[in-house]
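Written out below as structure tokens is the structure these notes cover.
Nothing in this text is a laboratory measurement; each read-out follows from the coordinates by a stated rule. Quick caveat, the model's predicted, so the values are computed rather than measured. So basically every Cβ, Gly included, is an ideal-geometry build from the backbone, and we count neighbours across all protein chains shown.
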Amino acid sequence: MTKHARLSPSKWALWMTCPGGIPFAEANAEQLAKLAEGKPTSSPAAAAGTVAHEYGENMIVSMNHSDEDVRAEHAEKALVIRRNMEPALIDNAESYVAWANGFLFERPNIPWGVELSASLWYEPTSRGTADFWAVDTETLIVVDYKSGRIKVEAVDCLQIAIYLIAIYDEIKEYNPQIKKFRAGVMQPFCSPKGRNEPIWWDFDMGELDRLRSIIDAGVKEVHHPIAGQRRLVASQAACRFCPAKTICPAQEQKLNEFIGSIETEPAALDGELLFDIYNNLPEYRSFLTSIEDYVRDQSDETLVEKGFLRKAGSKRRSWNIPEAEVEAQMVEAGIEPFVEKLKTPAQVEKELGALREFESIVVIDFNKPKIIRTKEGETTFKVSR
């Protein structure tokens, strides 16, 4: 993005479901800045995601661009990036690359690109970047590559819908044949075994116009001139990455409801309240963790004043250079770099295709069952009909 979007596509769940969240954070920016002092501005997962995207982009260009010099330049960049990537992240990115290569091999000479930056129609001074796009006859295809482990569904994901609409606006003058749209989420860590392609969301021009209207309505609510009309709505989706969740009155209200039920036995809770608390457990955990982090960041003087002491955490040691360099130094010192570990039943099954003669020595047990909402009970943001 040429300028960081106020209403970023990646944070659509925040501003579409909690219209007051971003204005509230902006109004309390000074307080939030003090709370954030000394904390990292980016997480390891975000940093890994950036590296995986850069590697994927360069690999795809190095194998598919029509210009030999461009291919060579990007191949060299990819090689440099790869040296500092963990094996699991390399496999993750190369799954995305393999899909893109196969897609383009089957469709030679179609318009395509990676990391295309397009102006956001609802915020024209900002731009959004799509990881992969192509025009296949009358269909515009946009794929969002996600290297993380938090599963994202393609259908109803307004992040990719925003990218797709922005790219369509950018290229429609030169591609008047476009009538259909295919939005995909490529997420290797969350893909079913044996599947190496995006999860798709297909729609037509009428649906694209409807999605644009839904997004425009959400933007309008965020921009409402009366602060009281900009709703604060605490939810798992909205609060996950909200910078103001530790001081948010909507979060506080939800937490008070939760705290009010703590001294009650679960069996004595009203049925609606019981399941409301259960449904919101991720929010409560997130909020309580943020309180723990905030208290941990207080000065020693404040802790003593409140009757607490700071105790050093357990020591952890790790290597601060790439794994290959550590391995080389260990070999030079006469140390075996890796500790052999017995393969699990799952690893044996993957290698052989079945457990076969090992079945008699395998014990199967189960983790605690997950209680999930039925489709009728879902409260997540839905845009599909």
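Would you please name the GluC sites (Glu not before Pro) within the stretch 129-171 that are DSSP coil residues with at most 16 other C-beta atoms within 10 Å of their C-beta?
Values: sites: E138, E153, E170; in loops: E138, E153.
When the GluC sites (Glu not before Pro) of the stretch 129-171 are filtered for loop state and at most 16 Cβ neighbours within 10 Å, E138, E153 remain.
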Using +1 at the C-beta of Lys and Arg and -1 at the C-beta of Asp and Glu, which of P124, A98, N109 has the Cα lying farthest in the positive direction of the dipole of the stretch 84-138? P124
For D209 and R240, FRET efficiency with R0 = 35 Å and r from the beta-carbon atoms, rounded to 0.05? 0.75
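What are the chymotrypsin sites (Phe, Trp or Tyr not before Pro) within the stretch 309-369 that DSSP puts in a loop, where the Cβ has at most 13 other Cβ atoms within 10 Å?
Working: sites: W319, F338, F358, F366; in loops: W319, F338, F366.
Here the chymotrypsin sites (Phe, Trp or Tyr not before Pro) that fit, given the DSSP loop and packing criteria, are W319, F338, F366.
With +1 on the Cβ of every Lys and Arg and -1 on the Cβ of every Asp and Glu, and nothing else charged, how large is the dipole of the stretch 23-132 about its Cα centre, in debye rounded to the nearest 20?
Numbers: 8 positive and 17 negative charges, 41 e Å.
With Lys and Arg at +1 and Asp and Glu at -1, about 200 debye.
Hey, fewest Cβ within 10 Å first, where do E332, E115, E323 land in order? Don't skip to the end; give the middle numbers.
Numbers: E332 8, E115 16, E323 13.
The fewest-first ordering by Cβ neighbours comes to E332, E323, E115.
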In nm, to one decimal, how far is the R231 label point from the A46 one, both placed 7 Å along Cα→Cβ? 2.8 nm
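Take Y163, Y96 and order them by how many other Cβ atoms sit within 10 Å, fewest up front.
With the fewest neighbours first, Y163, Y96 line up as Y163, Y96.
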Under a point spin-label approximation (7 Å from Cα along Cα-to-Cβ), what is the A29-V339 distance to one decimal in nm? 4.9 nm
Cross-link reach list, lysines versus K306, counting only Cα pairs under 28 Å and skipping chain neighbours closer than eight places: K34, K39, K245, K254, K315
For L274 and V348, extending 7 Å from Cα along the Cα-Cβ vector and measuring point to point gives, in nm, a value of 4.2 nm
Magnitude of the Cβ-charge dipole (Lys and Arg +1, Asp and Glu -1) of the chain about the Cα centre, nearest 20 debye, reported as 680 debye
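Please arrange V326, V222 by how many other C-beta atoms lie within 10 Å of their C-beta, fewest to most. Don't skip to the answer; put the middle values down first.
Details: V326 13, V222 20.
Listing V326, V222 from fewest to most nearby Cβ atoms yields V326, V222.
Out of every Cα pair in the chain, what percent are spaced more than 38 Å from each other?
Values: 25539 of 73920 pairs.
Everything past 38 Å amounts to 35 percent.
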Within the set of other residues whose C-beta is less than 11 Å from the C-beta of F258, count the net charge using Lys and Arg as +1 and Asp and Glu as -1. -2
Spelling out what I want: for every residue of the stretch 218-229, take phi, set θ = phi - 60°, compute 6.51 cos²θ - 1.76 cosθ + 1.60 (Karplus), and round to whole Hz; glycine and proline get x. x, 4, 4, 5, 4, 8, 4, x, 9, 4, x, 8
Spelling out what I want: for every residue of the stretch 79-93, take phi, set θ = phi - 60°, compute 6.51 cos²θ - 1.76 cosθ + 1.60 (Karplus), and round to whole Hz; glycine and proline get x. 5, 5, 5, 4, 4, 10, 9, 6, x, 5, 6, 4, 4, 4, 5
Find which of F338, T246, Q177 sits farthest along the positive direction of the dipole of the chain, computed with +1 on the beta-carbon of Lys and Arg, -1 on that of Asp and Glu, about the Cα centre. T246
Cα centroids of the stretch 307-349 and the stretch 19-84: how far apart, whole angstrom? 26 Å
